[in-house]
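Quick note: the coordinates plus some simple rules give every number you see, no bench work behind them. All values derive from a computational prediction rather than experimental measurement. All Cβ positions, even for glycine, are placed from backbone atoms using ideal geometry, and neighbour counts span all protein chains on display.
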Amino acid sequence: MHPSLAADNNPVANVTWSDAVEYCNWLSKKEGRTPAYKQEFGLWVPVYPFTDGYRLPTEAEWVWAIRYAEQPLPRKFPWGKNWPPPKDSGNFADVSARMLAPSIIPGFDDGYASTAPVGSFKENAIGIFDGGGNVAEWVNDWYTVPTPGITEPEVDPTGPERGTSRVIRGSSWRHAGITEMRLSYRDHGTEPRVDLGFRIARNVD
């Protein structure tokens with residue numbers, strides 16, 4: 001494992017979705033909040049309606065906070081609409097990562113071979129760091145392909161009731177492709193990865 005993946009100020013990585021929600025429950029209990037997840041038939045599932053405890057953001061919340069960030073139109077990339085990423089725009093697969101990543105962005109150097117300390121790059125319009133780059137992120141929802149032709153908007157959607165894998169959003173330090181680095185990119189999985197972590201959310205009154 002690369003040393004920065006275990007650094008104190010770097011994002012957590014190489015965890016499962018269950019690891020992430022167990023951490024959320026631990027933090028909720030530590031602060032006297034109601035856990036946001038429970039076990040059913042040996043599996044962790046969200047508690048609905050959401051409690052005041054910590055949880056993973058829903059995919060819709062992730063999109064609203066990171067792809068839109070209080071702007072009327074969605075952004076194409078974390079840094080804007082043009083390719084390639086400009087200097088100091090985030091932690092992606094650069095020349096420093098050439099021994100660790102499957103491919104790199106030619107001529108791009110963010111100075112970090114793998115993860116970077118949180119806050120190393122500029123936050124978005126609402127103060128969120130690393131919405132793209134550093135680590136990709138587990139979100140709360142089961143993965144599914146959206147049904148085409150739906151025209152009615154959903155309010156605070158929480159995704160399908162069941163599935164076989166969880167949604168992953170955001171690019172990471174191992175990504176160099178235009179597709180993966182778009183803020184619209186959706187991935188899914190069940191296993192931990194060295195470039196996959198999580199961020200937490202909770203409901204407030």
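Taking the alpha-carbon distance from Lys38 and a cut-off under 22 Å, which lysines remain once sequence neighbours fewer than 8 residues away in the same chain are dropped?
List returned: Lys29, Lys30.
If amide hydrogens are placed 1.01 Å from N in the peptide plane, which non-local residues have theirs closer than 5 Å to the one on Gly197?
Ala136, Glu137, Trp138
Enumerate by residue number the GluC sites (Glu not before Pro) in segment 135-186 meeting two conditions: DSSP loop (anything except H, G, I, E, B), and at most 13 other Cβ atoms within 10 Å of the site's Cβ.
The qualifying sites are Glu154, Glu161.
Give the lysines reachable from Lys76 as a straight Cα distance under 21 Å; neighbours fewer than 8 places away on the same chain don't count.
List returned: Lys87, Lys122.
Show the residues, 5+ positions off or on another chain, whose built amide H is closer than 5 Å to the amide H of Gly133.
The list, which skips near neighbours in sequence, is Ser171, Ser172.
Run the numbers on the chain and let me know its relative contact order in percent, using alpha-carbon pairs under 8 Å that are six or more apart.
Taking the mean separation of contacting Cα pairs over the length of the chain, I get 28 percent.
What per residue convex hull volume, in Å³, comes out for segment 62-137 when only alpha-carbon positions are used?
Once divided by residue count, the hull of segment 62-137 is 89 Å³.
Nothing charged except the Cβ atoms of Lys and Arg (+1) and of Asp and Glu (-1): what's the magnitude of the dipole of segment 84-192 about its Cα centre? Round to the nearest 20 debye.
I would put it at about 300 debye.
Between Thr179 and Thr164, what is the label-to-label distance in nm when each label sits 7 Å out along the Cα-to-Cβ direction?
With each label placed 7 Å out from Cα toward Cβ, I get 2.0 nm.
Mind jotting down the distance between the C-alpha centroids of segment 38-55 and segment 137-205, whole Å?
So the two Cα centres are separated by 18 Å.
Gaussian network model of the chain, Cα springs within a sub-10 Å range: biggest mean-square fluctuation belongs to which of Pro35, Pro106, Pro146?
In this elastic network of the chain, the residue with the biggest mean-square fluctuation among Pro35, Pro106, Pro146 is Pro146.
Average the reciprocal distances over every distinct pair of alpha-carbons in the chain, invert the result, and give the Kirkwood radius in Å.
17.7 Å
With axes computed from alpha carbons, what is the tilt in degrees of helix 17-30 against the longest principal axis of the chain, rounded to the nearest 10 within 0 to 90?
Approximately 60 degrees, to the nearest ten.
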